[in-house]
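Working notes, structure below.
What follows is calculated from the coordinates using simple rules that are stated; it is not laboratory data. Please read all numbers here as calculations on a predicted model, not as lab measurements. Cβ coordinates were reconstructed from backbone atoms using ideal geometry, including for glycine residues, and neighbour counts include every protein chain displayed.
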Amino acid sequence: MIRFIEGKQIYIRAIELTDVSENYLRWLNEPDVTTGLLSGTFPSTITELQSYVEQKINDRNTVMFAICDKSTNRHIGNIKLDNFDWISHTCELGVLIGEKDFWGKGIGTEACTLAIQYAFNILNIRKVLLAVYATNIGAIKVYEKLGFVNEGTLRKHIWSNGNYIDKHFMGLFKEELKQ
Ligand SMILES: CC(C)(COP(=O)(O)OP(=O)(O)OC[C@H]1O[C@@H](n2cnc3c(N)ncnc32)[C@H](O)[C@@H]1OP(=O)(O)O)[C@@H](O)C(=O)NCCC(=O)NCCS
């Protein structure tokens with residue numbers, strides 16, 4: 001298995017069309033996984049997922065990685081950098097650990113660290129931005145641990161599980177990364 005960037009528990013590598021599987025589809029149809037994401041709003045199908053991944057692979061303004069468990073090579077989630085601005089040297093980060101047994105083991109933090117270091121050191125990005133729902137406590141904890149700070153909030157902007165909730169934008173400059 002090609003390991004593009006290796007961490008302690010995981011490695012990340014380019015996502016491939018063959019990664020579109022029943023498992024990956026299950027992640028996107030599971031409310032616990034999608035509650036903090038736009039992705040869960042509509043049911044996902046294999047066909048949609050195939051065209052989504054194909055589009056990301058072909059999009060020069062997106063780098064999408066599969067997150068794999070080092071000991072088993074199992075595909076457990078995805079992480080992507082997109083919306084690159086090559087003038088201002090910024091981009092956006094999105095992460096999803098789809099296999100819930102892998103939550104709470106430091107893997108979200110590790111995957112974000114690997115992708116962000118790649119953005120800063122290899123792609124010459126200066127600042128990484130992300131959007132997160134205020135109710136996504138786990139994700140906010142990960143981002144704050146890495147050094148992200150809230151740069152603005154859209155108040156009661158998202159309809160989620162019966163309520164309008166806030167959406168935060170968080171940013172991290174290269175020199176602020178804590179890992
Ligand atoms: C959010 C997500 C990436 C976190 O990944 P993870 O591997 O579980 O996170 P980590 O194990 O690295 O946790 C880092 C810290 O956050 C805490 N944490 C993680 N999830 C938590 C939760 N749901 N509630 C409270 N704390 C949580 C951990 O305890 C840990 O704290 P510590 O360093 O003090 O021990 C993962 O749950 C996920 O992919 N969820 C579904 C998709 C999603 O919401 N993505 C983010 C969209 S913005």
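Three semi-axes describe the equivalent ellipsoid of region 121-179; taken as square roots of 5 times the Cα gyration tensor eigenvalues and ordered largest first, they are 25, 11, 8 Å. Dividing the convex hull volume of the alpha-carbon atoms in the chain by its residue count gives 116 Å³ per residue. Extension gain for Ala14-Met1 works out to 3.6 nm (0.36 nm per residue, less the C-alpha to C-alpha distance). Neighbours of Lys80, meaning other residues whose beta-carbon lies under 11 angstrom from its beta-carbon, give a summed charge of -2 when Lys and Arg score +1 and Asp and Glu score -1. Computed extension gain for Gln55 through Asn83, at 0.36 nm per residue and net of the alpha carbon distance, reaches 8.7 nm. Derived scalar couplings between HN and Hα for region 165-175 equal 10, 6, 10, 9, 9, 10, x, 9, 7, 3, 6 Hz in order, rounded to whole Hz, by the Karplus curve 6.51 cos²θ - 1.76 cosθ + 1.60 (θ = phi - 60°), x for Gly and Pro.
Derived scalar couplings between HN and Hα for region 125-135 equal 7, 9, 8, 10, 10, 8, 10, 9, 6, 4, 7 Hz in order, rounded to whole Hz, by the Karplus curve 6.51 cos²θ - 1.76 cosθ + 1.60 (θ = phi - 60°), x for Gly and Pro. Remark on region 4-81: hydrodynamic radius 13.2 angstrom, per the Kirkwood mean of 1/r across alpha carbon pairs. Using a 10 Å Cβ count of at most 16 others and DSSP loop calls, identify the longest part of the chain lacking such chymotrypsin sites (Phe, Trp or Tyr not before Pro). Of all site-free stretches, the longest is 5-85.
Cross-link reach is defined here as a Cα-Cα straight distance under 17 Å, omitting same-chain residues fewer than 8 places apart; for Lys145 the lysines meeting it are Lys105, Lys127, Lys174, Lys178.
Across the chain, C-alpha contacts under 8 Å between residues 6 or more apart give a mean separation that, scaled by the residue count, equals a relative contact order of 18 percent. Taking Thr18, Thr90, Thr41 in turn, the Gaussian network model of the chain (Cα-Cα springs below 10 Å) assigns the largest fluctuation to Thr18. Every Cα-Cα pair of region 42-135 was included, and the share exceeding 23 Å stands at 30 percent. Computed 3J(HN,Hα) for region 65-81, one whole-Hz value per residue from the Karplus formula 6.51 cos²θ - 1.76 cosθ + 1.60 where θ = phi - 60°, is 10, 8, 9, 10, 5, 5, 6, 10, 6, 5, 7, 10, x, 9, 9, 9, 10, glycine and proline marked x. Choose one of Pro43, Val128, Asn161: the residue whose Cα lies farthest towards the positive end of the charge dipole of the chain (beta-carbon charges +1 Lys, Arg; -1 Asp, Glu; about the Cα centre). Of the listed residues, the answer is Val128.
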